[in-house]
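One structure below.
The values are calculated or read from the model by the stated rules, or taken from the named source; none is laboratory data. Small disclaimer: the values here were computed from a predicted structure and weren't measured. Cβ sites come from the backbone with ideal geometry, for glycine too, and all protein chains shown count toward neighbours. The protein model used for the area step is the full one, side chains on, heavy atoms only, and it has no ligands, DNA or RNA in it. Shrake-Rupley method; radii C 1.70, N 1.55, O 1.52, S 1.80 Å.
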Amino acid sequence: GFLGALTFGKGIDILLDAINTLRSPNFEVKIWGQWRPEERHFLSQITELKRTLGEKIKYYGPYSLQDLDKILEEIHVGIVPSRKETYCIVLREILSKNIPVICTKFLGSDIVKDGFNGFIIDKNPHDLREKMLLFINNPNLVQKMSLNVMNIHIPTLEEEAKALVLLYKSLLTQT
């Protein structure tokens, strides 16, 4: 599942390109999110993929915070292919429900331990497709990584802010 804005910055193009080259009968990708008028071509890409792949891709449109628990019950793996983030709430929301994640490297993505509770990928469709195939071809991997998610601490916003303050203070004392 993908949750978030259908924008270049959130990496929706990376996901759509990965789906377009994914050759497996055993997958379904669900997408929730708001699209922007200036990036409506992503919505057209989703429509085209739905035409060629049928029920393997589903777009549900925007969602609200009240929908989040129900949405997260419907996905087995979260996909967060962002190009940049300052604090990715979606990543934390997905992990908080013990759902493994495939994500790119960005500020705060270090809570995903590559190969343990998800996968860290480069910002390209090929890497995403390969990790998606790992989950598709190894169904037990989802369960294993879901159990591993339970064994990590997901820092709160306050904990992360305190850690940044400590980092800045240590950098100031080094000069």
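Can you find a residue that is closer than 21 Å to A161 by Cβ and open to solvent by 30 Å² or more (accessible area, probe 1.4 Å) anywhere in segment 109-131? Yes, because at least one residue in segment 109-131 is closer than 21 Å to A161 by Cβ and open to solvent by 30 Å² or more (accessible area, probe 1.4 Å). Of the candidates K50, K10, K58, the single residue that is more than 17 Å from E130 (Cα to Cα), of a type in the set (K, R) and buried (at least 22 other Cβ atoms within 10 Å of the Cβ) is K10. Could you tell me whether any residue of segment 26-39 is crowded, with 18+ Cβ neighbours inside 10 Å, in contact with an Asp or Glu (Cβ under 9 Å, 6 or more places away or on another chain) and at pLDDT 95 or above? Yes. Would you check if there is a residue in segment 147-161 being in contact (Cβ under 8 Å) with a residue 12 or more places away in the chain, in contact with a Pro (Cβ under 9 Å, 6 or more places away or on another chain) and outside any loop (DSSP other than H, G, I, E, B)? Yes, because at least one residue in segment 147-161 is in contact (Cβ under 8 Å) with a residue 12 or more places away in the chain, in contact with a Pro (Cβ under 9 Å, 6 or more places away or on another chain) and outside any loop (DSSP other than H, G, I, E, B). Across segment 87-116, the number of residues qualifying as part of a loop (DSSP other than H, G, I, E, B) and of a type outside the set (A, V, I, L, M) comes to 11. What are the residues in segment 87-108 that are out of contact with any Cys (no Cβ under 9 Å at 6 or more places or on another chain) and open to solvent by 50 Å² or more (accessible area, probe 1.4 Å), if any? Scanning segment 87-108 gives Y87, I89, S96, K97, N98, K105.
When segment 132-146 is limited to residues that are open to solvent by 60 Å² or more (accessible area, probe 1.4 Å) and free of Cβ contacts under 8 Å to residues at least 60 places away in the same chain, the one that is nearest to R83 (Cα to Cα) turns out to be L134. Mind listing whichever residues of segment 13-25 are in contact with a Pro (Cβ under 6 Å, 6 or more places away or on another chain) and either part of a loop (DSSP other than H, G, I, E, B) or open to solvent by 30 Å² or more (accessible area, probe 1.4 Å) (or both)? Hit for segment 13-25 is D17, nothing else.
For segment 87-110, indicate whether the set of residues that are of a type outside the set (S, T, N, Q), over 22 Å from N151 (Cβ atoms) and modelled with pLDDT of 95 or more is non-empty. No, there is no match, as no residue in segment 87-110 is of a type outside the set (S, T, N, Q), over 22 Å from N151 (Cβ atoms) and modelled with pLDDT of 95 or more. Only residues in segment 59-84 that are on the phi > 0 side of the Ramachandran plot count as the first member; pair them with residues that are open to solvent by 70 Å² or more (accessible area, probe 1.4 Å), Cβ under 8 angstrom, at least 6 apart or cross-chain, and list the lot. Cβ pairs passing all conditions: G61/Q34. Taking the criterion of being polar (S, T, N, Q), open to solvent by 30 Å² or more (accessible area, probe 1.4 Å) and part of a loop (DSSP other than H, G, I, E, B), the residues of segment 61-86 that qualify are S64, T86. Check segment 34-55 and report whether any residue there is among the aliphatic types (A, V, I, L, M) and without any contact (Cβ under 8 Å) to a residue 24 or more places away in the chain. No - not one qualifying residue is present in segment 34-55.
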